[in-house]
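Read the structure below first, then the notes.
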Amino acid sequence: ASLQRIAQVDPKVRAFLRVDEAGALKAAEASDARRKAGGPLSALDGVPVGLKDIFLTEGVETTCGSRILEGFVPPYDATVVRLLKEAGLPLLGKLNMDEFAMGSSNESSAYFPTHNPWDLTRTPGGSSGGSAAAVAAREVFGALGTDTGGSIRQPAALTNTVGLKPTYGRVSRYGVIAFASSLDQPGPMARTVGDTAALFQLIARHDPLDSTSADVETPDCLTGLEDGVRGLKLGVPREYFAEGMDPEVAGTLRASLEELEKLGATLVDVSLPHTKYALATYYLLASSEASSNLARYDGIRYGQRAKDARGLKELYTQTRGQGFGAEVKRRIMLGTYALSAGYYDAYYLRAQKVRTLIREDFTKVFQQVDAIVSPTSPVPAFKLGAKVDDPLSMYLMDVYTLPCNLAGLPGLSVPCGFTQAGLPIGMQLLGRPFDEARLLRIARAFE
Ligand code: GLN
């Protein structure tokens, strides 16, 4: 049914970079055989899902949305891919994304932009826009994305789906192509909170192959999922309801807060005073880490190599000049600058210190409240093409999502309404480290 649905709608939505029909059917048949034999079956055995093209898949081309990795076929699976395979989920293929996960609209994909199933002239968000669109268009039951500054939550908000960015270290990054290693975190996206929780349950495992993987037990997010919000204290940060927010998003969020109160939660006015520095801090740190991580694409070890280069230096410059798109080059230049001698102290080191202040803001607020509620994105899905020539306005899409990554906290986006024109709006929940179960429970009560 998923393959039929893809054939039917994906020519318009364009969520998939490539469909692995043979691999998916083989896994589905194996799952059927297990069912007929009376098991054993995992909770999601036989349930088809998709993968953002940032996850390494053995024998299946993986490009990370970039020309520089065109034709690259990984020799091994990312840990999360292995976990899904072991649980018997057919993997339908690789989903479109902004190149190296840099972007908020899917338009920096080197291949083509994905369209928002709710309005095909608009963006599904990014960078996990292909994952969000495939879920929203019912091509897959769920998908995996990654979130460095909002790339799971923002596309979830723009497509009326649920997206969970787990606590940093909760889900293994082994075999996930690195953008900014201290911020990157894989997570699940699905149509309902229950589906998201079930998928999260399968991938939240300690992994010795990732040195930053946290040695904590897999949480039980399903048992208390229906327990509601009665008695919980929810912080409403002043700084997240500031100017720049679309009036319809603001109105819908206010109504959602009232709804949470009716369900028995107590709202608490809180302040995260360093929020105004988060955007600058994030773009400095993320670009610095990216400039270092992307140094490996030199035309020697992976993917594409420039054809007519004479000498090693020319091979590097031509390969990288041809292989990377404009946004990736912008980040590499910004990051290289921030890390260079003479500027390091003023930019990179300073940003690291501000990052600590941002984290401390959250630690203080979480002494008073159980979770934080805010909008996910300041605006609903915008028109494809509307922001491509204005990187700064694109970066502003992440104001509410990226402080969570800087602090390493879990964050979730759950649908909370529509604009008059029928565009989805998302509500964001932020929690204490490793408190994903509570975020899912709040979202479920609200859903
Ligand atoms: N839009 C942000 C960026 O471009 C976030 C990306 C992400 O979370 N991968 O960096």
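Amide H to amide H distances under 5 Å link residue 122 with 116, 384, where only residues 5 or more positions off or on other chains count and H is placed in the peptide plane. How large is ³J(HN,Hα), in whole Hz, for each residue of the stretch 7-16 in order, when computed from phi with the Karplus curve 6.51 cos²θ - 1.76 cosθ + 1.60 and θ = phi - 60°, using x for Gly and Pro? Here the 3J(HN,Hα) series is 4, 6, 9, 5, x, 8, 6, 6, 7, 8 Hz.
Per-peptide packing, taken as the mean over residues of other Cβ atoms within 10 Å, places 322-330, 342-350 in the sequence 322-330, 342-350 from highest down. The mean sequence distance of close C-alpha pairs (under 8 Å, at least 6 residues apart), as a share of the length of the stretch 267-383, puts its relative contact order at 39 percent. Straight-line cross-link partners of residue 276 among the aspartates and glutamates, defined as a Cα under 16 Å from its Cα and at least 8 positions apart when in the same chain: 239, 243, 360, 361, 398.
Under 20 Å of direct C-alpha separation, and excluding same-chain neighbours fewer than eight residues apart, residue 26 reaches these lysines: 36, 85, 94. Residues 245, 394 in ascending order of nearby Cβ atoms (within 10 Å, fewest first): 245, 394.
What the pair-distance distribution of the chain shows, using all Cα-Cα distances binned every 20 Å from zero, is 27, 60, 13, 0 percent. Test of understanding: extend the Cα→C-beta vector of residue 263 to 7 Å, then name every residue of the stretch 218-234 with backbone N under 19 Å from that spot. So the set is 221-234. Most tightly packed first, judged by the mean number of other beta-carbon atoms within 10 Å of their residues, the peptides 60-66, 424-430 read 424-430, 60-66. Counting only residues at least eight positions apart within a chain, or on another chain, the lysines with an alpha carbon under 19 Å from that of residue 262 are 233.
Computed from backbone phi, the HN-Hα couplings of the stretch 94-101 come to 10, 9, 5, 6, 5, 3, 6, 6 Hz, rounded to whole numbers (Karplus: 6.51 cos²θ - 1.76 cosθ + 1.60, θ = phi - 60°; Gly and Pro given as x). For the stretch 77-92, the Karplus equation 6.51 cos²θ - 1.76 cosθ + 1.60, evaluated at θ = phi - 60°, returns couplings of 9, 4, 3, 5, 5, 4, 4, 5, 4, 5, 7, x, 8, x, 9, 7 Hz by residue, with Gly and Pro reported as x. Only Lys, Arg, Asp and Glu carry charge here, each on its Cβ (+1 for the first two, -1 for the last two); on that basis the stretch 257-342 has a dipole of about 820 debye about its Cα centre. Cβ crowding within 10 Å, taken as a proxy for footprinting-reagent exposure, orders 266, 114 from fewest neighbours to most as 266, 114. Remark: relative contact order (the stretch 2-203) = 22 percent; criterion is Cα-Cα distance under 8 angstrom and separation of 6 or more residues.
Its convex hull of Cα atoms gives the stretch 2-203 a direction-averaged projected area, equal to a quarter of the hull surface, of 9.9 nm². In terms of its C-alpha gyration tensor, the stretch 349-407 has an oblate overall shape, because the principal axis ratio a/c (a ≥ b ≥ c, square roots of the eigenvalues) is not below 1.5 and a/b does not outweigh b/c. Neighbour counts of C-beta atoms inside 10 Å place 271, 31, 108 in the sequence 271, 31, 108, starting with the fewest. Put simply, the amide H of residue 93, placed in the peptide plane, has neighbours under 5 Å in 20, 51, leaving out anything fewer than 5 places away on its chain. Starting from the Cα gyration tensor of the stretch 149-205, take the square roots of the eigenvalues, sort them a ≥ b ≥ c, and report rounded, prolate or oblate (rounded when a/c is under 1.5, otherwise prolate if a/b is larger than b/c, else oblate). It is oblate, given that a/c is not under 1.5 and a/b is not larger than b/c.
Rule-based calculations on the coordinates, nothing more; no lab input. Model, not experiment: these values are computed from the prediction. Note: ideal-geometry Cβ built from the backbone for every residue, glycine included; neighbour counts use all protein chains shown.
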